[in-house]
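A short write-up of the structure that comes next.
The values are calculated or read from the model by the stated rules, or taken from the named source; none is laboratory data. The model shown is predicted, which means the values in this text are computed figures rather than measured ones. Every residue, glycine among them, receives a Cβ derived from its backbone with ideal geometry; neighbour counts consider all protein chains shown. Note: accessible area is taken over every heavy atom of the protein model, side chains too, but ligands, DNA and RNA are not part of it. Shrake-Rupley method; radii C 1.70, N 1.55, O 1.52, S 1.80 Å.
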Amino acid sequence: MENGAVYNETTEPQVKAPRRLPFGCTLRRLWGWRLPAKVVQSIFSFVAVVCEEIVDDCSICGGLYFFEFISCSAFLLSLFILCVYCTDFYGSLGKDKVQKL
């Protein structure tokens, strides 16, 4: 017992945590072509919102208001999807709840 034969190493070697970007961001769930596609979708929907806001006068504004609703909704939802998939929020919700969302 004096030489420590009874005591073996019981701890496992430490595994390095996956590399993360600042503010808890991670790109593990949006890899490959999915991340650039979501970023481009967000940019296009933002450009659509800006283009809609540039219009000063319209004679029949129903279509313009519908376009405003759709482009703003697309922009907000694409940002929400990026936030959920690129942060730790995905892990705290769980895969099943994210798929239901």
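Local charge sum around GLU68 (other residues, Cβ-Cβ under 11 Å, Lys/Arg +1, Asp/Glu -1)? Each step should come with its number before you reach the end.
On the way: positive: none; negative: GLU52, GLU53.
Every neighbour counted, the sum reads -2.
What's the FRET efficiency of ARG29 with SER59 using the Cβ-Cβ distance as r and R₀ = 41 Å, to the nearest 0.05?
Working: r = 46 Å, r/R0 = 1.12.
About 0.35, to the nearest 0.05.
Per the Cauchy relation, a quarter of the hull surface: what is the mean projected area of the convex hull of the alpha carbons in region 32-95, in nm²? Show your work: numbers first, answer last.
Values: hull surface 21.1 nm².
Averaged projected area of region 32-95's Cα convex hull equals 5.3 nm².
At 7 Å along Cα-to-Cβ for each site, give me the label-to-label distance between VAL98 and CYS72 in nm.
Placing both labels 7 Å along Cα→Cβ, they lie 2.9 nm apart.
In Å², what does the accessible area per residue of region 50-101 work out to with a 1.4 Å probe?
Details: 3890 Å² over 52 residues.
With all protein chains present, region 50-101 gives 75 Å² per residue.
Calculate, in nm to one decimal, what LEU79 and VAL47 gain on full extension: separation in residues at 0.36 nm each, minus their alpha carbon distance.
On the way: separation 32, 0.36 × 32 = 11.52 nm, distance 1.36 nm.
Separation in residues times 0.36 nm, less the Cα-Cα distance, equals 10.2 nm.
Can you tally the net charge around VAL98? Count Lys and Arg as +1, Asp and Glu as -1, for every other residue whose Cβ sits under 13 Å from the Cβ of VAL98. All intermediate terms of the calculation are to be shown ahead of the outcome.
On the way: positive: ARG29, LYS95, LYS97, LYS100; negative: ASP88, ASP96.
Taking every other residue near VAL98 into account, the sum is +2.
At 1.4 Å probe size, what's the solvent-accessible area of ILE70? Round to the nearest 10 Å².
ILE70 exposes around 80 Å² with every protein chain in place.
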